[in-house]
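What follows draws every value from the coordinates through simple rules; no lab data is involved. What you see is a predicted model; the values in this text were computed from it and never measured. Positions of Cβ are generated from backbone atoms using ideal geometry, with glycine treated the same way; all protein chains shown enter the neighbour counts.
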Amino acid sequence: MLLVACCFLDGIGVVQDETNAVAWFQKAVDAGSITAMCLLGKCFQYGCGVRKDAARAAALLRRAADAGNVGALYDLGQCFARGEGVARDDTEAAQLFRRAADAGHAVATRCYGSCVYSHKGVAQDPVTAAHLFQKAARMGDVHALWYLGRCFLFGGGVDRDAVRGLQLLQQAVDLDVAAIPNLASCFRRGAGVPRDPAHSAELLSEAVDAGLPNAMCDLGWMLLRGEGLPQDRARAVALLQRALDASFANAAYLLAECFATGCGTPKDHRHAWRLRMLMCHSHTNGLNI
């Protein structure tokens, strides 16, 4: 039953049919499949073949986690960290990440390290956090390279070493273009490296070409200010709109200010108000728009 569900989900040997996949996942769950519980939970979490239901997703992930499914431990930890389908609970999230990390889950290892580093639901311990980031990186988690690089840049849990920190950040960028905005942010703010807004803008332009919404928002902000490149408010508004169209909620606030003040676009107070309401709705529900 689980195999049939996966075939319908991915269109392997049959016409892809997410609704049918959900039905087969449910049959597998009824038959006691722990893996199916986890996968059906993610269907409800993301609205795949069924209407989104965060509470039901969390309940299914809880059942799978209680049965020892490592992926479910991590996913349920994210539910508690974000308050999706359950009340937000940083302590519970940290405990779930730790259990998944102890079972060898690379991303959970990094997430638990982040909890330890930032005192979220667990006692702060930068040294232990740095070790966890290093362990996650060795296990293949690219984002852990970013966190470890930041540790070296700022001396968090390790001796400060800006050269080593930059090497790790560059490794993260080389492996995953999604890490580019993080590196760009360091150069824009001079965080652990000499401030270089022009280089930051170059990096963000590369990330925009790769289609990253957060890079569109960041580069739009720099264009509004003329920071690191010539001021171009019209282009800034276009980039912010692209970011918003890609469901990057933070762009709504900047766009609202542009429409309210006529910066790069004709004044439109009504549209500015709608964007602000959209932003408030996004934050209230803990969701991207």
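In the chain, helices alone account for a calculated mean residue ellipticity at 222 nm of -22500 deg cm²/dmol, with every DSSP H run of four or more residues adding -39,500 (n - 2.57).
Using a Gaussian network model of the chain whose springs link C-alpha atoms within less than 10 Å, name the residue from Gly211, Gly113, Gly165 with the highest mean-square fluctuation. Taking springs between Cα atoms under 10 Å, the residue moving most is Gly211.
Label zone of Thr19 (point 7 Å out along Cα→Cβ, amide N under 13 Å): in the stretch 34-59 this covers 49-51. For the chain, the tally of Lys pairs with Cα-Cα distances below 30 Å comes to 7, considering only residues 8 or more apart or on different chains. Placing a label point 7 Å from the Cα of Ala210 along the Cα-to-Cβ direction, the residues of the stretch 118-142 whose backbone N falls under 16 Å of that point are 141-142. Assuming charge only on the beta carbon of Lys and Arg (+1) and of Asp and Glu (-1), the dipole of the chain about its Cα centre is about 600 debye to the nearest 20. In this calculation the C-beta distance from Arg138 to Ala191 is compared with R0 = 30 Å, giving a FRET efficiency of 0.75.
In a fully extended conformation the segment linking Asp66 and Arg82 would gain 3.8 nm over its present Cα-Cα distance, using 0.36 nm per residue. Normalised by the number of residues in the chain, the mean separation of alpha-carbon contacts (under 8 Å, six or more apart) gives a relative contact order of 7 percent.
Each Lys and Arg Cβ is given +1 and each Asp and Glu Cβ -1; about its Cα centre, the stretch 147-289 then shows a dipole of about 560 debye.
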